[in-house]
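Let me begin by presenting the structure, written as structure tokens, before commenting on it.
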Amino acid sequence: MVCPASSWLYSSRLWSVTCVDTVGKKAAFIRQAAVELGLRNLRAEHARVEVLKALPFDLITSRAFASLADFVRLTHSLLAPGGVWAAMKGRHPSEELAALPSGIDVFHVEPLMVPGLDAERCLIWMRSSAGGAPGLVHS
């Protein structure tokens, strides 16, 4: 098993990737995978994302994490200016998209085909609109 973040990183050694998980065993697995694969630019943090202390990220991704609104709310302080969010979802999440706060721009919904899986999946790409989202303050 390889987590999606580490597979992205394996294809480009120029990126620096931080995987965040509240489950210590999962974070330990990522750390061990980084050692075994020689991925010096892969880090694992055993933490809740809302209390993570880190430099801003250009890209924040999630899979099976939270509603889109909660994902944006919990990670906004970690998103670099000009950065984007990418959230993997099942079926097209029309209700979740409608519940996003104003100031969040969904600029692409990418259908995904997962080999061996007969289910709908999509990747929702979002960014803060010009001027930022009300109630979302970048620190």
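The residue pairs whose first member lies in the stretch 104-123 and is modelled with pLDDT under 95, whose second member is part of a loop (DSSP other than H, G, I, E, B) and of a type in the set (Val, Ile, Thr), and whose beta carbons are closer than 9 Å, counting only pairs six or more residues apart or on different chains, are Arg121/Val114. Would you confirm, using the coordinates I've provided, whether Phe65 is in a loop (DSSP other than H, G, I, E, B) and surrounded by 11 or more Cβ atoms within 10 Å (Cβ to Cβ)? Yes, satisfied.
The values are calculated or read from the model by the stated rules, or taken from the named source; none is laboratory data. All values derive from a computational prediction rather than experimental measurement. Here the Cβ is made from the backbone with ideal geometry for all residues, glycine too, and neighbour counts use every protein chain on show.
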